[in-house]
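The structure under discussion appears below in the form of structure tokens.
The values are calculated or read from the model by the stated rules, or taken from the named source; none is laboratory data. Not measured: the values here are computed from a predicted model. A quick note on method: Cβ atoms are made from the backbone with ideal geometry, for glycine too, and the neighbour counts reach across all protein chains shown.
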Amino acid sequence: MKSRLSVLILIMAACIRFGYAQPYNDTRQVVGVAEFTSTENSPYTRLVTEKIIEMLTNSKRFKVVDRTSRDKITEELELQKSEAFIDSENLVEQGMAVAAEKLITGEIIKIPVYRIKNSDGSVRGYKASVAFQMKVVDVATGLSTEATSFDGKASEECLSPESAVTMAMNSLEDDIAEYFRTNFPVTAKLMKIVKQEKGAARIVLVKAGKRQGIKVGDKFKLESIEMLDGEILPTELGTATVTELKGEVYAECKIGKKEGQAVYEHFNANKQINCTLIVK
């Protein structure tokens with residue numbers, strides 16, 4: 001498992017060399033998705049991985065490194081089998097800093113597909129179900145979350161086995177979305193105070209918006225960050241509520257008067273204020 005993870009980290013690091021690093025102005029977290037493994041020899045296992053990639057992409061919160069990207073990189077590595085390139089420590093370090101920060105892995109427990117037959121024996125449709133486990137690996141440390149199990153509802157009768165598996169995966173959309181919200185909390189910086197009243201910040205600009213899936217009414221927890229002896233010391237300042245989205249990557253947020261005084265003081269003391277989306 002350790003060697004396999006090392007290979008995945010190396011491949012993600014190579015994203016930089018071959019054009020898969022995120023643009024300088026795109027601050028979304030980069031997430032890799034490894035092909036889900038399975039003990040079953042099924043031709044439909046890829047559909048599970050594709051659904052995870054689809055949901056990550058559609059959330060607009062992440063830059064996703066999927067199998068297509070990794071295949072191109074692997075081909076290039078085969079062409080350039082240079083020992084100096086493969087063993088480059090700098091490459092791995094760059095990968096951890098610039099390429100995928102988190103890696104989603106999974107194991108498919110079952111993915112049965114059933115043929116539904118007519119009385120004469122001909123096939124009229126298909127049903128399917130799916131169960132799998134998923135976890136998130138920190139690329140920098142190799143540490144992972146506990147595996148979380150997902151067990152989808154059996155699909156309705158479909159015209160193809162692929163559509164039956166997809167329907168079974170669709171039954172898990174809410175559970176998977178909640179898993180993403182819990183394991184990938186949105187964090188952002190407070191960029192400026194838009195409006196202040198008598199020494200209290202009332203409207204602030206946060207660097208998180210449509211692209212990160214932020215909506216009007218969402219709430220952020222605000223923390224002032226201070227470094228003491230090389231360690232982070234957070235001070236909770238209160239909460240802010242999103243009132244308006246500005247472009248793709250910003251949101252204006254309203255702050256209560258009492259909380260606004262603390263935000264105003266810390267911001268004008270040049271302290272970094274981090275904003276973490278509160279998961280409902």
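Any residue in the stretch 266-280 that's of a type in the set (D, E, K, R): show its pairings with residues that are assigned to a strand (DSSP E or B) and surrounded by fewer than 21 Cβ atoms within 10 Å (Cβ to Cβ) at Cβ separation under 9 Å, as long as the two are six or more apart or on different chains. Going by the 9 Å Cβ cut-off, the qualifying pairs are LYS271/SER224; LYS271/ILE225; LYS271/GLU226; LYS271/THR235; LYS280/LYS219. Residues considered: LEU228, LEU233, LEU237. Of these, the only one that is among the aliphatic types (A, V, I, L, M) and more than 28 Å from the chain's Cα centre (by Cα) is LEU228.
Would it be correct to say that ILE203 is surrounded by fewer than 19 Cβ atoms within 10 Å (Cβ to Cβ) and either among the β-branched types (Val, Ile, Thr) or touching a Gly at 6+ places or on another chain (Cβ under 6 Å) (or both)? Write out each step before concluding.
Details: surrounded by fewer than 19 Cβ atoms within 10 Å (Cβ to Cβ): yes; either among the β-branched types (Val, Ile, Thr) or touching a Gly at 6+ places or on another chain (Cβ under 6 Å) (or both): yes.
So ILE203 fits the description; yes.
Residue-level check: of (1) outside the structural domain of ILE52 (by TED's automatic domain parsing); (2) free of Cβ contacts under 8 Å to residues at least 24 places away in the same chain; (3) of a type in the set (D, E, K, R), ASP120 misses just (1).
Output the residue which, of all residues in the stretch 132-188 that are hydrophobic (A, V, I, L, M, F, W, C) and surrounded by fewer than 17 Cβ atoms within 10 Å (Cβ to Cβ), is nearest to THR239 (Cα to Cα). If you could, list the steps in order and put the result at the bottom.
Here is the first cut: in the stretch 132-188, the ones hydrophobic (A, V, I, L, M, F, W, C) are 132, 134, 136-137, 139-140, 143, 147, 150, 154, 158-159, 164-165, 167-169, 172, 176-177, 180, 184, 186, 188.
Next, only the ones that are surrounded by fewer than 17 Cβ atoms within 10 Å (Cβ to Cβ) stay: 140, 143, 147, 154, 159, 177.
Details: ALA140: 30, LEU143: 31, ALA147: 31, ALA154: 42, LEU159: 50, ALA177: 24 Å.
Per the stated criteria, the residue is ALA177.
Scanning the stretch 216-256 for residues that are more than 14 Å from THR187 (Cα to Cα) and not in a strand (DSSP E or B) gives VAL216, GLY217, ASP229, GLY230, GLY247, GLU248, GLY256. For GLU259, state whether it is farther than 29 Å from VAL64 by Cα and either modelled with pLDDT under 95 or touching a Gly at 6+ places or on another chain (Cβ under 9 Å) (or both). Taking the combined requirement at face value, the residue satisfies it.
Taken over the stretch 123-146, the criterion of being free of Cβ contacts under 8 Å to residues at least 40 places away in the same chain and under 30 Å from GLN29 (Cα atoms) is satisfied by ALA131, GLN133, LYS135, ASP138, THR141, LEU143, SER144, THR145, GLU146. Within the stretch 175-185, is there a residue that is within 27 Å of ASP138 (Cβ to Cβ), in contact (Cβ under 8 Å) with a residue 40 or more places away in the chain and of a type in the set (D, E, K, R)? Checking the stretch 175-185: at least one residue is within 27 Å of ASP138 (Cβ to Cβ), in contact (Cβ under 8 Å) with a residue 40 or more places away in the chain and of a type in the set (D, E, K, R).
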